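Asks: Starting off with a structure, shown below.
Every read-out reported here was derived from the displayed coordinates using simple, explicitly stated rules and does not represent laboratory data. This is a predicted model, so every value here is computed, not measured. Note: ideal-geometry Cβ built from the backbone for every residue, glycine included; neighbour counts use all protein chains shown.
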Amino acid sequence: MKAAWRSLALATLALGFGLTSNVSAEPPGKGVPGAGVYNHAGTVEQINGMKTGSRYALVCTSCKSMTIETVKDAASLEALCHNGGQVHCSSCKEKATVEYFGPSGKSAPHQNIRYVNAEGKECMFVVPLKD
Ligand SMILES: [Zn+2]
């Protein structure tokens, strides 16, 4: 264990910013998101505002898990905000349906979105993780 601690300390020193999160194979800045508040994306515009390569958390309130995903391409964003589409929880395998709700049209420039289960209850949400 001593050797492990030493290498962790060295890695931390090498990074120079006192990063105490897991030392992973990811390059600096692309690993575990830093401490802070990350708000969920509640509109189609916010989902589409994520860039390829950036990360988001898919939070499932059914099994209380959080899955970190990377935006692969525009199609993967489309899958997250396509009205009537389905999103899977990697933990409990539950399927949630993408549902548009609230006012839309001229008076509301943003299309509200939520993920509901078979009973129509909100069961998941997406949290973009800024790099
Ligand atoms: Zn789940």
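Asks: Pairs LYS72/LYS130; LYS51/LYS93; LYS64/LYS95: which are spaced more than 18 Å apart, C-alpha to C-alpha? Walk me through the numbers on the way to the answer.
Replies: Numbers: LYS72/LYS130 15 Å; LYS51/LYS93 26 Å; LYS64/LYS95 14 Å.
Distance filter (> 18 Å) returns LYS51/LYS93.
Asks: Another one. Can you give the Kirkwood hydrodynamic radius for segment 44-128, in Å, rounded to one decimal and based on Cα pairs? It would help to have the intermediate numbers written out before the result.
Replies: Details: mean 1/r = 0.0761 Å⁻¹.
When all Cα pairs of segment 44-128 are included, the Kirkwood radius is 13.1 Å.
Asks: Within 10 Å, count the other beta carbons around each residue, average over each peptide in 41-53, 65-77, and list them highest first. Write out the running numbers ahead of the final one.
Replies: Values: 41-53: 15.7, 65-77: 13.1.
Packing proxy ranking, top to bottom: 41-53, 65-77.
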